[in-house]
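The values are calculated or read from the model by the stated rules, or taken from the named source; none is laboratory data. Note that this is a predicted model, so its numbers are computed, not measured. Keep in mind that these areas ignore ligands, DNA and RNA; they rest on the heavy atoms of the full protein, side chains included. Shrake-Rupley method; radii C 1.70, N 1.55, O 1.52, S 1.80 Å.
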Amino acid sequence: IAMPGGARRLYRRILQLHRALPPALRDLGNRYVKEEFRRHKAAGPAEAQRFLREWEATLIQQQINEDKQNLREKTVYGIQLTEEKLNDFRDEQIGQLKELMNEATKPNKKPTISKDSEYKN
């Protein structure tokens, strides 16, 4: 990815924020982030910039949510994606979101992300 130092700092900051998550969600989130950064290692400059920009926006949103949670009792994880944002996603990305949702909502099971799985609608 272009700007390797910036990508590493962003990666580390995301993992630091994940430390506040419950263990199962932290594990799922860490593996997802690691897989996504690995997939984009060979991305072209334009795609790499977009990838980093989107993760930076996600990081900022996580920090805002963390600050809000400090003001309330109930902890809420994640953000609501707008229809406009979802329309920008590729089919593969929608498949990844569905897989994450299914893993995160499994009752009393340790979440897993399958390596090199095929993402389908």
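State the extension gain, in nm to one decimal, for the chain segment bounded by LEU25 and GLN61, taking 0.36 nm per residue of separation less the distance between their alpha-carbons. Provide the component values of the computation, followed by the final result.
Numbers: separation 36, 0.36 × 36 = 12.96 nm, distance 1.70 nm.
Length gained, LEU25 through GLN61: 11.3 nm.
At a 1.4 Å probe radius, which order do ASP91, ASP27 fall into by accessible area, largest first?
Largest accessible area first, the list is ASP91, ASP27.
With θ set to phi - 60°, apply the Karplus curve 6.51 cos²θ - 1.76 cosθ + 1.60 along segment 19-30 and write out the HN-Hα couplings as whole Hz, x wherever there is a Gly or Pro.
Each residue's phi maps through the Karplus curve to give 4, 7, 7, x, x, 5, 5, 4, 4, 4, x, 5 Hz.
Could you give each residue of segment 35-42 its phi-based ³J(HN,Hα) in whole Hz, using Karplus coefficients 6.51, -1.76, 1.60 with θ = phi - 60°, and x for Gly or Pro?
Computed from phi, the couplings for segment 35-42 are 5, 5, 5, 5, 4, 9, 4, 9 Hz.
Given a 1.4 Å probe and heavy atoms of the protein chains only, how would you sort ILE94, ILE60, largest accessible area at the top?
Output order, biggest surface exposure first: ILE60, ILE94.
Work out from phi, with θ = phi - 60° and the Karplus expression 6.51 cos²θ - 1.76 cosθ + 1.60, the ³J(HN,Hα) of each residue of segment 51-57, listed in order in whole Hz, and give x for Gly and Pro.
My calculation for segment 51-57 gives 4, 5, 4, 5, 5, 5, 4 Hz in order.
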